[in-house]
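Contents: one structure, followed by commentary.
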Amino acid sequence: MNKTWNNKAWFMVLPVLLLVAFNAVIPLMTVVNYSVQETFGNNLFFFEGVKWFREVLHSDRFHDSLLRQFFFTGTILAIEIPLGVIIALAMPRQGFWVPVCLVLMALPLLVPWNVVGAMWNIFALPDIGLMGYSINALGIDFNFTRQPASAWFTVIIMDVWHWTSLVVLLAYAGLRSIPDAYYQAARIDSASRWAVFRYIQLPKMKRVLTIAVLLRFMDSFMIYTEPFVLTGGGPGNTTTILSIDLVKAALGEFNLGIAAAMSIIYFLMTLLVCWVFYSAMMRGEDE
Amino acid sequence: MKRTGFLIPLLYIVFLMLPIYWLLNMSFKTTNEILGGFSMWPAEFTFDNYAKIFTDPTWYNGYINSITYVAINTVLSVSVALPAAYAFSRYRFLGDKHLFFWLLTNRMAPPAVFALPFLQLYSAIGLFDTHLAVALAHCLFNIPLAVWILEGFMSGVPREIDETAYLDGYSFPKFFVKIFMPLIASGIGVTAFFCFMFSWVEMLLAKTLTSVAAKPIVATMTRTASTSGYELGLLAAAGVLTIIPGAIVIWFVRNYIAKGFALGRV
């Protein structure tokens, strides 16, 4: 669509600009400010240059939480994306069950994040939770507050529970935009189920799947509340991913310089991913 | 494939419902029974947990507070996002692409980064512990989202409609309210739903920016979980009650959810 050039359109954007800038620019500047200063209390600050950044980038603590973050993000993407596509392909295409399925599947997305954590906490308790009890009854020793492996398993299955539906809904929306004629043509050519998927459904889903992968990637980088409520980053530090570590440093230990430097690095990483996302989307839009 | 195809969604839905069932199950048990051991359903069925929530002001005020700031945020986000989305979908102007990208980055900004500066900012302007503070703070990610979804929906409306309306002598505000908004009514509904949803489920900022007067239900829940030992039944009942508003609104937008999650871009 060719748009007309009109700089007066700025006036329509102005309210949005002011509101978001108030919320984004001022706090960001505060963070930048802290990240280059040292304080000994009493609101006395000294300029420290890049000391905090150097400290953060060289600390094992940051490396470990970053590594855990990548492990978490990689695992959930590897599970949620294929699973979501499989479920979307198996969904009925029309009829009474479609809205029922959609509403039931979207339900986890609307549960407040700390309730998700609390719910899985109760569900996974080894003595009275359905999941914990069942796994222990199978003869596997399971206790997510003590064993790192169990804790990771619970955190990941919780995220699969919470967000796979997003992938399903996106993939389903992509599938529904395929005209029936495509399928009829495939039937005339007696194409196999795989060929239909590979040459009709997958290309049509490409764009929504890009959105899905990148949304899941970014959201898994931002995730805080659910794992915090479920495990609190424990046992020990085993499930302390980036955001949990950050809040611990900022609000828990009041280690402002370190926390601010971490925030900036963290923010730059999300910004980078965001840019990749945006260019991928816009290229898709132009085609 | 045809005969067993329905099994996959069915199994998935069962998997989704199990933790919710367990929460429901716990909410109808007495504390003694919960701590007594494992059971698939409540033996002594009780409504005590729910009764406590509906009679104790610290509990039900939590719900009122949450709904208040979510409503303010939804109205605010949608109303400022409407003209902005129209500008992005219809006009080119200086720096439009950069602006759009910058807005988008705020949707991706981790709330953990902003928790502390937000606390200081809103304390400094005297809004700490008010509904407005949380509503404004949630604008950070809801306005970009709203602009983005609305822009997707608006770009689906052909420009000829705008031009015809101007030729017929409509002024811009009259055209926008009388003709354009009804055309994208479903888009506005979906956007409002998403603003509601993200404001309702977010808790880090809501908890950081409030202490007593505007304390959201999620904060009340965390405090119960941590201070009064293990009142699991009460916690479960509160959890069930937080799921209900979501389930109600989702029913209204069921036909558009998929398109909405694709940010209006399918």
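Among the residues of the stretch B:96-146, those that are polar (S, T, N, Q) and either within 17 Å of the chain's Cα centre (by Cα) or part of a helix (DSSP H, G or I) (or both) comprise B:Thr105, B:Asn106, B:Gln120, B:Ser123, B:Asn142.
Take the conditions (1) more than 24 Å from B:Val212 (Cβ to Cβ); (2) surrounded by 16 or more Cβ atoms within 10 Å (Cβ to Cβ); B:Leu18 misses just one of them, which is (2).
Scan the stretch B:131-160 for residues that are at pLDDT 90 or above and of a type in the set (Val, Ile, Thr) and the total you get is 3. Within the stretch B:54-67, the set of residues being more than 21 Å from B:Glu202 (Cα to Cα) and either in a helix (DSSP H, G or I) or within 12 Å of chain A (Cβ to nearest Cβ) (or both) comprises B:Phe54, B:Thr55, B:Pro57.
Note on the stretch A:114-168: residues that are at pLDDT 85 or above, among the aromatic types (Phe, Trp, Tyr), crowded, with 20+ Cβ neighbours inside 10 Å and under 18 Å from A:Ile241 (Cβ atoms) amount to 3. Please pick out the residue among B:Val80, B:Val70 that is part of a helix (DSSP H, G or I), among the hydrophobic types (A, V, I, L, M, F, W, C) and more than 8 Å from chain A (Cβ to nearest Cβ). When all the criteria are applied, what remains is B:Val70. B:Gly246: over 25 Å from B:Phe47 (Cβ atoms), in the same structural domain as B:Pro83 (by TED's automatic domain parsing) and of a type outside the set (A, V, I, L, M), yes or no? Answer is no for this residue. If you scan the stretch B:16-51, which residues turn out to be in a helix (DSSP H, G or I), over 15 Å from A:Gly129 (Cβ atoms) and not acidic (Asp, Glu)? Result: B:Leu16, B:Met17, B:Thr31, B:Asn32, B:Asn49, B:Tyr50, B:Ala51. For the stretch A:225-251, filtering for residues that are crowded, with 23+ Cβ neighbours inside 10 Å, hydroxyl-bearing (Ser, Thr, Tyr) and outside any helix (DSSP H, G or I) leaves 1. Would you check if A:Arg207 is touching a residue at least 24 places away in the same chain (Cβ under 8 Å), at the interface with chain B (Cβ under 9 Å from one of its Cβ atoms) and among the charged types (D, E, K, R)? Against the criterion (touching a residue at least 24 places away in the same chain (Cβ under 8 Å), at the interface with chain B (Cβ under 9 Å from one of its Cβ atoms) and among the charged types (D, E, K, R)), A:Arg207 qualifies.
The values are calculated or read from the model by the stated rules, or taken from the named source; none is laboratory data. As the structure is a computational prediction, the values presented were derived from the model and not from experiment. Cβ atoms come from the backbone with ideal geometry, glycine included; neighbour counts cover every protein chain shown.
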